[in-house]
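Undergrad: The structure that follows is given in the form of structure tokens.
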Amino acid sequence: MSVEKKINLLRKELHKHNYLYYMLDKPEISDHEFDKMLKELHELELQFPEFDDSNSPTQRVGSSLNNNFNSITHSFPMYSLENSYSSDELIKWKERLVKVLNTENISYSCELKLDGVSISISYKNGKLAQGLTRGDGNSGDDVTENIKTINTIPLETLQKVEYDFDIRGEVIIEKNDFIKLNDKKIKNGEEPFKNPRNTASGSIKLVSSKEVRKRPLKCYFFQIISDSNPFKTQSESLNALKKLGFNISNTHKYCKNIDEVFDFINYWDKNKDKLNFEIDGIVIKVNSFSMQKQLGYTSKFPRWAIAYKFQTEQATTKLVNVVYQVGRTGAITPVANLKPVLINGTIVKRASLHNEEQIQKLDLYENDILKVEKGGEIIPKIVSIDYRLRKSNSKKIAFIKNCPACGSLLTKNDDEAQHYCMNSNNCFPQIVGKFKHFISRKAMNIDGFGTETIERLLKENIIKNFSDIYNLKVDQLVKLERMADKSAQNLVSAIYKSKSQPFHKVLFSLGIRHVGETVSKKLSDHFGSLENLMSASDVEILNVDEIGDKIALSLKKYFQEESNLELLDKLKHVGLNFLQKKSENLGNKLLGKTFIVTGVFEKIDRTNLKEIIVQNGGKVSSSISAKSIVIVGNNPGPSKMLKAKDLGLTPISFEEFINLYEIKI
Ligand code: IVH
């Protein structure tokens, strides 16, 4: 037998035995025999690197090379799910479906909502090509090397698949594995992990995949996405995916009507604790794919699916005091400090009280004994108070009249629940909040600015408005406490890079009231530039899809204020984008070309470079092939560089890329 054949045979056998062991729990060979085969394969691979395959079972062991988690655009966005908490809400959802679909005859696929970290994996020619985290839903981090170490994720499908597809699933740690993991940590004198979910999400982002391998991660899959999958329903697709070797929980159920959905919910509400993994509800999906298509998506959720959340766990504790936070818009949020208490595996110390009305409704007194509840990501909330345990001399909690930061008298509009401090230009936490928003990931994305640094720079009058950030020098920053030379240099280069953020992000970063991420994108798409937006009439603004009175008024107010106009002028002067680059104008110069982007670039943010490639018709990938074009910055990923060298590719710099393809930025 030729060496190549032998290698391929070993790989096939090992893939099969991995499946039998991890997914069917029916091993046919001993662990020892498995390890022997793996060793034999590993030795052959070392001897004959020409037969390397990034999906070989030997790749599961991971490496200690650094991951650099490139951010990659999802081929299909990753939406989240709308939540429901009662049968009434579910019935209302069903009624909406009936209305759109014009039929009562709707069947469902009911599934458990596993509580872990979601992952999207693309398979090409039946082979694992890339694994991405959810990220912001539009683009996620490339964690391919890490997920390959998870045995319940097939490196190849069991049968040939002609079409390419993405598959979505949840990476979790099962309860018994979590206990074992923590036992080990405690034995080693280390701090135990808090809960399975956070441990899973931390593990998937570890820098060394060899370390990821040591975490007992499992993946359950629940959704296939492809332009050309042959399935007609969700249930059918799950059964077929199982046959292809994907780990599908056998708890999913076809329900022919909403009554059967309720039976499923009631069953799991009673029996969820018997499961070996944590769930935070049930997912109900319209079973037919053609109906799903008809229903479509809102900007956040699919209309064809909904999550049903079980009543969450509650705990009793004591109120320590109420403090008041000042947000960037001046909104005052009362927060209850509580005696720490454990709920669902996490320690709860605080609960949001939202506003004055909430405090009144609860009828909150000092030192009250109360019940708190925590569900999923939701901030813990106070659900009830045990009035019997209240001491007779206790004082009622009275809402503050003045801003806790600057002392200004608070105001409240009758039609709003929140109190506001109107001293927006001089109230310190508001100013800090505005800067924090400006630099945040979804806005100007300037990494390396901690809250402390911002506060220091503001206190020392080094920055007064956003434009001052762009004049910061390394020697000014190193003078700050806890700012090393390297961090200061990185910060200055992050500031420089942020100048390439597109117009809609600049608009969002300004923090204009009611102008969030989606609204900024809509306004930028519609008007194309700040100039057009500023000169637009109310009617023109209101004509933009989903833009209402509140937003139009807020924009008008913002543009009327002299200090804002001065700021915009300065920001323009330092070189921020106030003009939207139209993707259709960029052409198709890179059509048919696939790029690998690795390393850190001085002149451009990596995410923006990738966007430019896509806008010019090119593709961005994380797996190198002989046809890839590698654009390389400082500190490139070592595994990528090795692979490029192996394939005889000559990497190009960012400048070479621009010149070679005549790319306009
Ligand atoms: S379907 C279009 N099915 O819940 C949304 N999600 O809150 C598709 N999740 O991001 C999601 N189990 O990580 C779906 N059986 C299941 C799920 C599930 C857990 C997670 C998933 C998703 C999140 C949404």
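Undergrad: Counting only protein heavy atoms, what percent of the accessible surface of the chain is carbon or sulfur at a 1.4 Å probe? Walk me through the numbers before you get to the answer.
TA: Details: 17220 of 35120 Å².
Here it works out to 49 percent.
Undergrad: Looking at the P(r) of the chain, how many percent of alpha-carbon pairs lie beyond 33 Å?
TA: 59 percent
Undergrad: Would you tell me the accessible area of Ser2, worked out with a 1.4 angstrom probe on the heavy atoms of the protein chains, in Å² to the nearest 10?
TA: My reading of the accessible area for Ser2 is about 60 Å².
Undergrad: Pop out the Kirkwood hydrodynamic radius of segment 88-208 from its pairwise C-alpha distances, inverse of mean 1/r, in Å to one decimal.
TA: With all distinct Cα pairs of segment 88-208 included, I get 17.4 Å.
Undergrad: Continuing with this model, one more query. Give the residue from Leu90, Ile225, Leu24 lying farthest towards the positive end of the charge dipole for the chain; charges sit on Cβ (+1 for Lys and Arg, -1 for Asp and Glu) and the dipole is referred to the Cα centre.
TA: Checking the options against the dipole of the chain, the answer is Leu24.
Undergrad: Ranking request for peptides 103-115, 83-95: highest mean number of other beta-carbon atoms within 10 Å first, then the rest in descending order.
TA: Ranked by mean Cβ neighbours within 10 Å, highest first: 103-115, 83-95.
Undergrad: Give me the distance in nm between label points sitting 7 Å out from Cα along the Cα-to-Cβ direction at Ser529 and Asn393, one decimal.
TA: Spacing of the two 7 Å Cα→Cβ label points: 7.1 nm.
Undergrad: So what J values fall out for segment 322-328 if you push phi through Karplus, 6.51 cos²θ - 1.76 cosθ + 1.60 with θ = phi - 60°, rounded to Hz, Gly and Pro as x?
TA: After applying 6.51 cos²θ - 1.76 cosθ + 1.60, I find 10, 10, 10, 9, 10, x, 5 Hz.
Undergrad: Quick one: dipole size for segment 30-92, taken about the Cα centre, charges +1 on Lys/Arg Cβ and -1 on Asp/Glu Cβ, in debye to the nearest 20.
TA: 240 debye
Undergrad: Once label points are set 7 Å from the Cα along Cα→Cβ at both Phe559 and Asp485, what is their separation, rounded to one decimal in nm?
TA: Those two pseudo-labels are separated by 4.8 nm.
Undergrad: Among the listed pairs Lys92/Lys550; Lys619/Lys645; Lys124/Lys214, which have their C-alpha atoms separated by more than 23 angstrom in this model?
TA: Those over the limit are Lys92/Lys550; Lys124/Lys214.
Undergrad: Roughly how many Å is it from the Cα centre of segment 512-555 to that of segment 73-119, as a whole number?
TA: Here the answer is 31 Å between Cα centres.
Undergrad: Oh, and also: Ranked from the most accessible area to the least, with a 1.4 Å probe and all protein chains present, what is the order of His74, His514?
TA: His514, His74
Undergrad: Enumerate cysteines in the chain without a disulfide-compatible partner, where compatibility requires another Cys Cβ under 4.7 angstrom.
TA: Cys110, Cys219, Cys255
Undergrad: Peptides 610-616, 471-477: what's the order by average Cβ count within 10 Å, highest mean first?
TA: On the way: 610-616: 20.0, 471-477: 14.9.
With the highest mean Cβ count within 10 Å placed first, the list reads 610-616, 471-477.
Undergrad: Turning to a different aspect of this structure: Can you give me the solvent accessible area of Arg441 with a 1.4 Å probe, rounded to the nearest 10 Å²?
TA: Counting only protein heavy atoms, Arg441 exposes about 150 Å² to solvent.
Undergrad: Please give the contour-minus-distance gain from Lys99 to Glu455: 0.36 nm per residue of separation, less the Cα-Cα distance, rounded to one decimal in nm.
TA: 122.9 nm
Undergrad: What's the extension gain from Ile186 to Ile369 if we count 0.36 nm per residue and subtract their Cα-Cα distance?
TA: This chain segment gains 62.6 nm when fully extended.
Undergrad: Report the extension gain between Asn266 and Glu313 in nm, rounded to one decimal, defined as 0.36 nm multiplied by the number of residues separating them, less their alpha carbon distance.
TA: 15.2 nm
Undergrad: Let me ask something additional. Using a 1.4 angstrom probe and counting only protein chains, how large is the accessible area of Val100 in Å², to 10?
TA: Counting only protein heavy atoms, the figure is 80 Å².
Undergrad: With the other protein chains left in place, how much accessible area per residue, in square angstrom, belongs to the chain at a 1.4 angstrom probe? Write down the numbers at each step before the final one.
TA: Values: 35120 Å² over 665 residues.
Heavy-atom SASA per residue in the chain reads 53 Å².
The values are calculated or read from the model by the stated rules, or taken from the named source; none is laboratory data. A quick note: this is a predicted structure, and the numbers were derived from the prediction, not measured. As a convention, Cβ positions derive from the backbone with ideal geometry for all residues, glycine included, and neighbour counts pool all protein chains shown. Quick note on the areas: whole protein, heavy atoms, side chains included, nothing else; ligands and nucleic acids left out. Shrake-Rupley method; radii C 1.70, N 1.55, O 1.52, S 1.80 Å.
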